[in-house]
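The values are calculated or read from the model by the stated rules, or taken from the named source; none is laboratory data. Just so you know, these numbers come straight off a predicted model, no measurement behind them. Quick reminder, even Gly has a Cβ in these numbers, built from the backbone with ideal geometry, and neighbours come from all protein chains shown. All accessible areas refer to the heavy atoms of the entire protein, side chains included, with ligands and DNA or RNA removed. Shrake-Rupley method; radii C 1.70, N 1.55, O 1.52, S 1.80 Å.
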Amino acid sequence: LYFNYLKNDMATLVLMFELVTSTLIILGLIHVFNHNNVANATRAQPISEGPVINDANLKAEVVFEGLESPTSIAFLGPNDILVLEKDKGTVQRIVNGKILAEPLLDVNVAKDGNRGMLGIAVSKGEEIGPTDIFLYFTEAAQGEFPIGNRVYKYELVNNKLVNPKVLLNLPAVPGPSHNGGAIMIGSDNNIYTIIGDVGGHRNQAQNQESGGEPDGTSGMLRINQDGMPVAISPLGDTEPLNLYYSYGLRNSFGFDFGPITG
């Protein structure tokens with residue numbers, strides 16, 4: 001209404017335009033000034049040495065330094081640790097604070113966004129049997145083109161992961177976000193792993209109103225240690241429906257089991 005009232009007065013309109021432009025310039029300068037002050041104040045803060053611990057009964061100790069983009073760890077023993085390096089696609093072993101000369105595994109992974117070497121779980125066999133290692137990673141063809149988010153089962157033999165077996169072959173496109181990747185063994189000895197919507201999958205596992213049958217994304221999946229479904233899912237009894245333990249997950253970076261209820 002105000003502009004309609006002034007529409008015939010061009011001089012007034014020009015003046016208003018100049019006032020608005022000047023105001024915007026001033027506000028922009030104020031924003032830059034404040035941003036610089038905040039940045040300078042941030043740079044002036046001392047760099048913290050290690051994590052801040054508020055419980056006097058706890059302390060932090062550096063076990064190893066020098067890993068590149070570590071994502072997950074698993075323990076073979078109290079001082080025997082397996083660590084994943086996301087972008088390199090490696091599984092490293094650190095024993096008593098020293099890293100082995102060669103990784104246990106080095107595979108080609110897609111590494112952009114949330115993709116890469118993401119999750120690990122350890123299942124120790126009988127005394128005479130092998131130790132099984134379960135890995136979740138975004139496998140890539142030559143170069144970095146993703147061919148799947150896959151759960152593999154390996155055997156640990158002489159500091160190498162051998163005899164790979166694909167347990168789950170899950171979507172990896174469009175991506176590269178919302179890959180999930182956390183993997184754990186439950187108290188029932190089954191494998192639990194989480195995958196997100198992989199950057200845009202829309203189906204009933206993501207949202208009941210989205211339509212389309214679940215395709216293995218947007219949920220927690222459960223299998224036994226040989227890759228077989230454990231029980232009939234509320235979504236159905238055919239794959240991948242029978243793999244879902246829970247659904248409706250956009251993404252996740254980790255989970256755990258309650259120590260009392262399991």
How many nm separate the modelled label positions at E144 and N158, each set 7 Å beyond the Cα in the direction of the Cβ?
3.5
Give me the number: length gained by fully extending R202 to T261, i.e. 0.36 nm times residue separation minus the C-alpha to C-alpha distance, one decimal in nm.
18.0 nm
Each label sits 7 Å from Cα toward the beta-carbon; between E68 and I99 the label points are separated, in nm, by 0.9
1/(1 + (r/R0)^6) with r = Cβ-Cβ of I53 and T131, R0 = 25 Å, i.e. FRET efficiency to nearest 0.05, evaluates to 0.15
Determine the gain in length on full extension of the stretch N169-D215; use 0.36 nm per residue of separation and subtract their C-alpha separation, reporting nm with one decimal.
15.5 nm
Tell me whether the range 138-242 comes out rounded, prolate or oblate; compute the Cα gyration tensor, take square roots of the eigenvalues as a ≥ b ≥ c, and use a/c under 1.5 as the rounded threshold.
oblate
So, relative contact order of the range 56-119 in percent, Cα under 8 Å, 6 or more apart, is 27
Sorted by chain and then number, the residues having a modelled amide H within less than 5 Å of the amide H of S252, at least 5 places away or on another chain, are G180, G196
Note down the magnitude of the dipole of the range 77-195 about its Cα centre, charges +1 on Lys and Arg C-beta and -1 on Asp and Glu C-beta and zero elsewhere, to the nearest 20 debye.
160
Can you list residues whose amide H is under 5 Å from Y245's amide H, if they're 5+ apart or on another chain and H is modeled 1.01 Å from N?
M220, L221, R222
How many angstrom lie between the C-alpha centres of the range 80-151 and the range 182-236?
21
Using a 1.4 Å probe, what is the accessible area per residue for the range 70-226, in Å²?
44
